[in-house]
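Peer 1: Have a look at this one before I ask anything.
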Amino acid sequence: MLPVKIGKEVYFIGIRDWDRELFDALIPLPNGTSYNSYVIKGKNKTALIDTVDPQKWVVFSNSLKNFKDIDYVISNHAEQDHSGSIGFVLEKYPKAKVVTNSKCRDFLRDHLHIPGDRFMVIKDGEELELGEKTLKFIFTPWVHWPETMCTYLKEDQILFSCDLFGSHLATGNMYSDDKKISEPLKRYFAEIMLPFSANVGANMKKVDEYPLSLIAPGHGPLHRDINHIFELYEDWTENSPKHKVLLMYVSMHKSTEILASKLEQALYMRNIPVEVVNLEKGDLGKLAEELVDSATVVLGVPTVLASPHPKAAYAAYLANMLRPPVKYFGIIGSYGWGGKSLEIISALVSNLKAEVLKPVMVRGLATEKDFKEIEKLADIIKAKHDELKLKKVKTAAAEK
Ligand code: FEO
């Protein structure tokens, strides 16, 4: 593959992986992903910014043939999708040094067994001269892992942001000159940065101090519309959920589904946007994306073997792990003769700083009396949302 020029002596040599279905054996990738890597040729030295997942080394090494020398391998993040090919690169370029922070060096030694004498450790704000090209290292911890950093190319005003501003997209154009990028970006943010949204917000302010003409992330398209990308991230990191409900449920014999359907209708009639995810076949990425800014989450949970259905428990565990800024949490569901679904689910969401609403748990198939409880639940959600004066969600039409 030929390198693609993205600036004067700056090249994109990333690999698109359209076949990959899961990331971290967890995150569904409906559009595959890409591992973006870049080369900067200074007058004196050449730097490679990040590498690719080791599964793609053969294709990547072919692109590297276009560069006789690599003096520095900049490692912005130790996770293998960016760093997994560093060992191969060091074999190919025996004089190359890995330039990174001390935390990342330690991770690379632990996870990839990169020898200690191959590192050049830099500090926050330190610069590296390549000859008429200057790299500045900006530490941005917890933009996924604690060692994450960005690299800024001063002369060209390009920010190599690694996971920050990334998206799992192996399709479409090299540049995100289209507002449709907001959904893949949000999904990506939700999947790996939501628990650290305060850190991400602080780091955004840090990188915002630099003039930017291009953001070159480690996944997905590159961004020229810097303001749009920053506006999106500001929205997601401000921890201010919107006037909408995420209703996630699983159902074995339709009893819980009937309750979920009744609640969806009741919310709709009260003009409350609601996103429904059937956990039996639903997309966990979509679920994560909705957690970013839903003020209320309702979990529909059937009881099986006296416990919550494992798929409902899994969703509760995932929501708890992502620590979204949810304000209210509701539980609805059906049981046969008893069980501990309520207690178990409540314990699973202990990280959520949400008010738990009165549950609607029904023995067997719902009756008119139960439907009235669902209507009451919808009334409570509406009253709570009105009280907080939550921002309205932008419609898809407004995004275009
Ligand atoms: Fe794209 Fe955290 O790795």
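Peer 1: Would you please name the residue that is nearest to the ligand (Cβ to nearest atom), looking only at residues in the stretch 93-125 that are part of a loop (DSSP other than H, G, I, E, B) and open to solvent by less than 60 Å² (accessible area, probe 1.4 Å)? Before you say what the answer is, go through the steps one by one.
Peer 2: Narrowing the stretch 93-125 to residues part of a loop (DSSP other than H, G, I, E, B): 93-96, 101, 113-115, 122-125.
Still in the list and also open to solvent by less than 60 Å² (accessible area, probe 1.4 Å): 93, 96, 101, 114, 122, 125.
On the way: TYR93: 23, ALA96: 22, ASN101: 15, ILE114: 17, ILE122: 20, GLY125: 23 Å.
Filtering first and then ranking leaves ASN101.
Peer 1: Here's something else I'd like to know. Going residue by residue through the stretch 128-143, is there one that turns out to be under 25 Å from TRP57 (Cα atoms), open to solvent by 10 Å² or more (accessible area, probe 1.4 Å) and touching a strand residue (DSSP E or B) at 6+ places or on another chain (Cβ under 7 Å)?
Peer 2: Looking through the stretch 128-143, none of the residues is under 25 Å from TRP57 (Cα atoms), open to solvent by 10 Å² or more (accessible area, probe 1.4 Å) and touching a strand residue (DSSP E or B) at 6+ places or on another chain (Cβ under 7 Å).
Peer 1: If you don't mind, another one. Out of curiosity, is LEU90 within 16 Å of the ligand (Cβ to nearest atom), assigned to a helix (DSSP H, G or I) and surrounded by 17 or more Cβ atoms within 10 Å (Cβ to Cβ)?
Peer 2: Answer is no for this residue.
Peer 1: Of all the residues that make up the stretch 259-282, how many are open to solvent by 50 Å² or more (accessible area, probe 1.4 Å), within 16 Å of PRO310 (Cα to Cα) and touching a helix residue (DSSP H, G or I) at 6+ places or on another chain (Cβ under 9 Å)?
Peer 2: Selection size over the stretch 259-282: 1.
Peer 1: Got a number for residues in the stretch 200-223 being closer than 21 Å to MET174 by Cα and within 20 Å of the chain's Cα centre (by Cα)? Break it down stepwise before answering.
Peer 2: Filtering the stretch 200-223 for residues closer than 21 Å to MET174 by Cα gives 212-223.
Within this subset, residues satisfying the condition of being within 20 Å of the chain's Cα centre (by Cα) are 215-223.
Number of matching residues: 9.
Peer 1: For the stretch 158-172, state whether one or more residues are in the same structural domain as LEU194 (by TED's automatic domain parsing), under 29 Å from ALA198 (Cα atoms) and surrounded by fewer than 18 Cβ atoms within 10 Å (Cβ to Cβ). Steps first, please.
Peer 2: The first filter runs over the stretch 158-172 and keeps only residues in the same structural domain as LEU194 (by TED's automatic domain parsing), leaving 158-172.
Next cut, under 29 Å from ALA198 (Cα atoms) only: 158-170.
Filter once more, so that each one left must be surrounded by fewer than 18 Cβ atoms within 10 Å (Cβ to Cβ): none.
The answer is no; no qualifying residue exists.
Peer 1: Across the stretch 54-81, which residue is nearest to the chain's Cα centre (by Cα) among those that are under 25 Å from GLY131 (Cβ atoms) and within 14 Å of the ligand (Cβ to nearest atom)?
Peer 2: Of everything passing the filter in the stretch 54-81, ASN76 is nearest to the chain's Cα centre (by Cα).
Peer 1: Would you confirm whether any residue within the stretch 11-30 is β-branched (Val, Ile, Thr), modelled with pLDDT under 95 and within 18 Å of the chain's Cα centre (by Cα)?
Peer 2: yes
Peer 1: Mind checking whether some residue in the stretch 19-32 is β-branched (Val, Ile, Thr) and within 19 Å of PRO184 (Cα to Cα)? Steps first, please.
Peer 2: Quick first cut of the stretch 19-32, residues β-branched (Val, Ile, Thr) only: 27.
Now drop any that are not within 19 Å of PRO184 (Cα to Cα), which leaves 27.
Checking the stretch 19-32: at least one residue is β-branched (Val, Ile, Thr) and within 19 Å of PRO184 (Cα to Cα).
Peer 1: If SER34 satisfies all but one of (1) open to solvent by 10 Å² or more (accessible area, probe 1.4 Å); (2) within 15 Å of the ligand (Cβ to nearest atom), what's the number of the condition it fails?
Peer 2: (1)
Peer 1: So LYS43 ticks every box in (1) among the basic types (Lys, Arg); (2) farther than 30 Å from ALA288 by Cβ; (3) open to solvent by less than 70 Å² (accessible area, probe 1.4 Å) but one. Which box is left unticked?
Peer 2: Only one criterion in (1) among the basic types (Lys, Arg); (2) farther than 30 Å from ALA288 by Cβ; (3) open to solvent by less than 70 Å² (accessible area, probe 1.4 Å) is unmet by LYS43, namely (3).
Peer 1: Please go through the stretch 189-219 and pick out each residue that is touching a strand residue (DSSP E or B) at 6+ places or on another chain (Cβ under 6 Å) and more than 21 Å from PHE137 (Cβ to Cβ).
Peer 2: The answer is GLU191, and nothing else.
Peer 1: Right, another one. Look at PHE67 and say whether it is within 27 Å of ILE192 (Cβ to Cβ) and modelled with pLDDT of 95 or more. Spell out the reasoning first.
Peer 2: Details: within 27 Å of ILE192 (Cβ to Cβ): no; modelled with pLDDT of 95 or more: yes.
Considered against the rule, which asks whether it is within 27 Å of ILE192 (Cβ to Cβ) and modelled with pLDDT of 95 or more, PHE67 comes out as no.
Peer 1: Scan the stretch 42-56 and report the pairs whose first residue is touching a residue at least 60 places away in the same chain (Cβ under 8 Å) and farther than 26 Å from HIS111 by Cβ and whose second residue is assigned to a loop (DSSP other than H, G, I, E, B) and open to solvent by 50 Å² or more (accessible area, probe 1.4 Å), with Cβ atoms within less than 8 Å and a gap of 6+ or a chain change.
Peer 2: GLY42/GLU9; GLY42/GLU132; LYS43/GLU132
The values are calculated or read from the model by the stated rules, or taken from the named source; none is laboratory data. What you see is a predicted model, and the numbers here were worked out from it, not measured in a lab. Glycine gets a Cβ as well: all are built from the backbone with ideal geometry, and neighbour counts include every protein chain shown. With ligands, DNA and RNA removed, areas are computed over all heavy atoms of the protein, side chains included. Shrake-Rupley method; radii C 1.70, N 1.55, O 1.52, S 1.80 Å.
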